[in-house]
1. Just checking, does the stretch B:169-178 include any residue being away from chain A (no Cβ under 14 Å), aliphatic (A, V, I, L, M), in contact with a Ser or Thr (Cβ under 9 Å, 6 or more places away or on another chain) and within 24 Å of residue B:114 (Cα to Cα)?
2. With respect to the numbered conditions (1) surrounded by fewer than 20 Cβ atoms within 10 Å (Cβ to Cβ); (2) more than 10 Å from every other protein chain (Cβ to nearest Cβ); (3) in contact (Cβ under 8 Å) with a residue 24 or more places away in the chain, which one is the sole condition not fulfilled by residue A:249?
3. Kindly list, by first and then second residue, each pair from a residue in the stretch A:273-285 that is without any contact (Cβ under 8 Å) to a residue 60 or more places away in the chain to a residue that is not hydroxyl-bearing (Ser, Thr, Tyr), limited to pairs with Cβ atoms under 6 Å and residues at least 6 apart or on different chains.
4. Given the residues A:83, A:96, which is the only one that is loosely packed, with under 14 Cβ neighbours inside 10 Å and at pLDDT 85 or above?
5. Could you pull out every one of the strands (runs of 3 or more DSSP E) wholly within the stretch B:115-227 that has 2 or more residues that are surrounded by fewer than 16 Cβ atoms within 10 Å (Cβ to Cβ)?
6. Give me the pairs: first residue in the stretch A:187-215 and more than 14 Å from every other protein chain (Cβ to nearest Cβ), second residue assigned to a helix (DSSP H, G or I) and of a type in the set (S, T, N, Q), beta-carbon distance under 9 Å, and six or more apart or on different chains, which are they?
7. Would you call residue B:137 closer than 23 Å to residue B:160 by Cβ and at the interface with another protein chain (Cβ under 10 Å from one of its Cβ atoms)?
Amino acid sequence: MSGERINRRVDRAQPEALEERRMPRLPGGFSLPPFGLHQSLALVIVCIALWSVGVLWLVLQAGSVWTQGWQKDVRFHVYLQQQDAQKLNALAGKLQALPGVAAVRVIPQRESRDWLADWLGDAAEMTDELLSSLPRTVEVRPAGGSGEFLYDDVADVAAVFGASVNRGEAHLVQAQHLMSKLQNLLWFGSLIMGLAMVTIISNTLRMILLARADEVQLMRLLGAGEWFVRLPFVLEGGLIGGMAGLLAWLLLWPLLLATGDWLVQLNVDISVFVLFLPLLLGGALAGLLGALLATTRMASENTVSV
Amino acid sequence: MIEMRQLMLRYPTGKTALSGMTMSIKKGRFAYLTGESGAGKSSLLRCLYGGVRPSSGQLTVQNVDLRKAGERQVRRLRRDIGIIFQDHRLLFSRTVFENVALPLRVQGWKPDRLVARAEKVLEFVGLKDRLWSFPEALSGGEQQRVAIARAMSTKPPLILADEPTGNLDIETARHVMNYLMELNRQGSTVIMATHDLHLLDTHPGDIFRLHAGALAEELHYVRGGEQ
């Protein structure tokens, strides 16, 4: 019995053969740098940041497409009562003289009749009756980039002639101005997000550098130059940023698909492809800058003076 | 090859590691640095590869004055030195090939020549078949042999070994010594810090015994067994 026990103990004491790790090899026999927790975290955080920026730009793109759809339809209509019809040309002349006005057109009564007949459809026999009680109309087309106070100017001129302006049409212009302001804000926001991403990648690479301090130290001991030491980390930063950009771009698609019906209803056609290069290159650039920042001091310390 | 006069090394902590060391090691010699722990062996080796700058005195390694040398000169000097550590300092996330090829890459060897050179030096230490293994799969002795292969891959004129046999059993240590002796026969100057005095019987060389940061004794080996 005891002999059997001893034999079993001896058997257990036999070391198990170590299973060799296999890693995909790059051309030249080199393997990819280890991809661990630090890299994964940086990838996820930068991806989320880039995705947020991407979503904001998509929203802005949708808003722009939406308001640009109105751009060609933006008109101010000034209404003058029939009894004041003799002032119509004078009103048109004053409106034309306003800065920011591209064109002014007095709508002929014939055109109004046709439009009204079309609109009334089966009740077209009422057209003449209605037309006699409708005010005369002057159409004002704003010039591109006209100031946000154009509506007020038009309203002031109209008031002088006892005319009125369609108020709802002013909202379209205000929406366009809002989009323009949002675009400027978004540029600023993207810049801030970019700086945040640079900092995140820089800090992550600092942690990676700490984890791989032995590798850096060894390279220094072997006489490696500054860029020989820095380059792998700089490339790694660029790669992480680029991968995060690609991932963020891919994650925009589910959002687009989910809101597809809604966008079709609004007649808004947006393209995610436009954001592919900005996200990819923006991510890679943020990664490269972050890595450069992280490795600035690392490689310059070559020898300890005592 | 190596000249030092009144070499002094004081760490920022205030500890004096070397005090007034004067010695010279000629090209092609196999030199042992012996002495008790804290005698200054490792500090001296660190000075020799430019890891620390001496506080005072004079130190010249391969015609480079290490007290005055700039960073570029130190880097260039290091490329001419093979270093072997007690803990071998292999990169465990890299294959044996990548470890051995690292000094070659630092020296700008073309990628297509790396595998052939790595195979050659690994053949010398009997590990050609482990080219694509990771160091974790190797035994302690094999890891130290990879470290030797890495140190010799660029055919450096000077090899510094800091207790390379410290963690090895006698038989493996003897094999490691054989490899170092062979490198010395091929022309490299070898300077080795060690505690294992019994190795000196089977693998003779010049002995520099350090004590309290100074040279206490110097014995030069003359072929034929006379010292």
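The values are calculated or read from the model by the stated rules, or taken from the named source; none is laboratory data. This structure is a prediction, so every number in the text was calculated from the model and none was measured. Cβ placement follows ideal geometry from the backbone for every residue including glycine, while neighbour counts extend to all protein chains displayed.
1. Yes; the residues of the stretch B:169-178 include at least one that is away from chain A (no Cβ under 14 Å), aliphatic (A, V, I, L, M), in contact with a Ser or Thr (Cβ under 9 Å, 6 or more places away or on another chain) and within 24 Å of residue B:114 (Cα to Cα).
2. Tallying (1) surrounded by fewer than 20 Cβ atoms within 10 Å (Cβ to Cβ); (2) more than 10 Å from every other protein chain (Cβ to nearest Cβ); (3) in contact (Cβ under 8 Å) with a residue 24 or more places away in the chain, residue A:249 fails exactly one: (1).
3. Partner pairs satisfying both residue conditions: A:276/A:249; A:280/A:242; A:280/A:245; A:280/A:246; A:284/A:238; A:284/A:241; A:284/A:242.
4. Only one candidate qualifies: A:83.
5. So the answer is B:214-219.
6. Qualifying pairs under 9 Å: A:193/A:52; A:204/A:39.
7. no
Okay, residues lined up against (1) within 14 Å of chain A (Cβ to nearest Cβ); (2) in contact with a strand residue (DSSP E or B) (Cβ under 9 Å, 6 or more places away or on another chain); (3) modelled with pLDDT under 90; (4) surrounded by fewer than 20 Cβ atoms within 10 Å (Cβ to Cβ):
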{"position": "B:34", "(1), (2), (3), (4)": "no, yes, no, no"}
{"position": "B:41", "(1), (2), (3), (4)": "no, yes, no, no"}
{"position": "B:67", "(1), (2), (3), (4)": "yes, yes, yes, yes"}
{"position": "B:80", "(1), (2), (3), (4)": "yes, yes, no, yes"}
{"position": "B:96", "(1), (2), (3), (4)": "yes, no, no, no"}
